[in-house]
1. Considering amide H positions built from the backbone, and no H for Pro or chain starts, which residues 5 or more places from I130, or on another chain, come under 5 Å of its amide H?
2. Keeping all protein chains in the complex and leaving out DNA, RNA and ligands, what accessible area do you get for T187 with a 1.4 Å probe, in Å² to the nearest 10?
3. Would you mind calculating the gained length between E115 and T154 on full extension (0.36 nm times residue separation, minus the Cα-Cα distance), in nm to one decimal?
4. To the nearest 0.05, how large is the calculated FRET efficiency for K178 and D129 if R₀ is 22 Å and r is the Cβ-Cβ distance?
5. Could you give the length gained on full extension between L67 and S48, defined as 0.36 nm per residue of separation minus the Cα-Cα distance, in nm?
6. Taking amide H atoms as placed 1.01 Å from N in the peptide plane, list the residues 5 or more away in sequence, or in a different chain, whose amide H sits under 5 Å from that of V205.
7. Using the Cβ atoms and a cut-off under 12 Å, what net charge is assigned to the surroundings of T142, where Lys and Arg are +1 and Asp and Glu are -1?
8. What trypsin sites (Lys or Arg not before Pro) in segment 24-59 are in a loop by DSSP, with at most 12 other Cβ atoms within 10 Å of the Cβ?
Amino acid sequence: MKKTLFGIIICLYSINLSAQDNKAIMEINYETKIISDSLNRDKVSIYSTALVFNNTQSIYCSKEAKLYYKGTPAETISTSAGPIAKYPKTTESIYRNNDVITASLPVGKYAFTFEEPKLKWEILNDRKDIKGYKSQLAKTITDTGQTFFAWFTTDISIPEGPFRFKGLSGLVLEVYNKSRTIEIYATDIKKSDELIEPLKYYNEVKAKTKAQFLEARKNFHENPSMYNGNIKVLDANGNDRTKFMTDRLKAINTFLD
């Protein structure tokens, strides 16, 4: 019944597409687990994101980031100068417009925006049910040399998924990399009529290529002050923590891209 309902929604939406081409028809909530340092697998970061989409457009980000960059933060923190917006746990976003996938990923206080290369998928023979949807397994090797596996369902026949994991013949419900340091799971699937629009970052850098972003991130991990206004990192007692931050960043070896 659930699968039939979503099929009807998608068909009706396709008929009326020209009237509301920037409105979503569905929202998928995901939970992401990342072990940023593969040599220390006990430290796992967990955060939630949402994908809202229609046949031609989508936006993938955390709900906190969406509200933060709209100027209506979900949470505030108290300071001596009054309440200020609480910075989101994750600020990345992926916006799709037809076949163009635009990533906005953080480097220090900046968001580097660039077009993601399309993934090439290999369909495997594995099958299983996920949340009542018949799903099959696919494999891809990204442009940065990582191997990812994705479980997708053609019961929802829109080539969507979390982050950049799109382009299959149905919706991606689960994704993980070969070393299992990255795992993404769909937690909720529902109807939506939310407007689809990219996030508007305060400190956006429009990179000409993805390689420019990768170089900036590499430089940032070697020298964190480079993309933080060349400021020192201090703790609550005024002690310099810049080296500690640098060492912590250098230990990160897990990236979604």
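1. Those lying under 5 Å, H to H, from I130 are S135.
2. For T187, the solvent-accessible surface is approximately 70 Å².
3. Details: separation 39, 0.36 × 39 = 14.04 nm, distance 2.61 nm.
Between E115 and T154, full extension yields an extra 11.4 nm.
4. Values: r = 23 Å, r/R0 = 1.07.
Rounded to the nearest 0.05, the efficiency is 0.40.
5. Details: separation 19, 0.36 × 19 = 6.84 nm, distance 1.40 nm.
Full extension of this stretch gives 5.4 nm more.
6. A111, F112, T113
7. On the way: positive: K118, K120, K139, R164, K178, K210; negative: E116, D143, D257.
Spelling it out: positives minus negatives among the neighbours equals +3.
8. Working: sites: K33, R41, K43; in loops: R41, K43.
Passing sites in segment 24-59 are R41, K43.
The values are calculated or read from the model by the stated rules, or taken from the named source; none is laboratory data. Bear in mind that the values here come from a model prediction, so they are computed numbers and not experimental data. Glycine gets a Cβ as well: all are built from the backbone with ideal geometry, and neighbour counts include every protein chain shown. The protein model used for the area step is the full one, side chains on, heavy atoms only, and it has no ligands, DNA or RNA in it. Shrake-Rupley method; radii C 1.70, N 1.55, O 1.52, S 1.80 Å.
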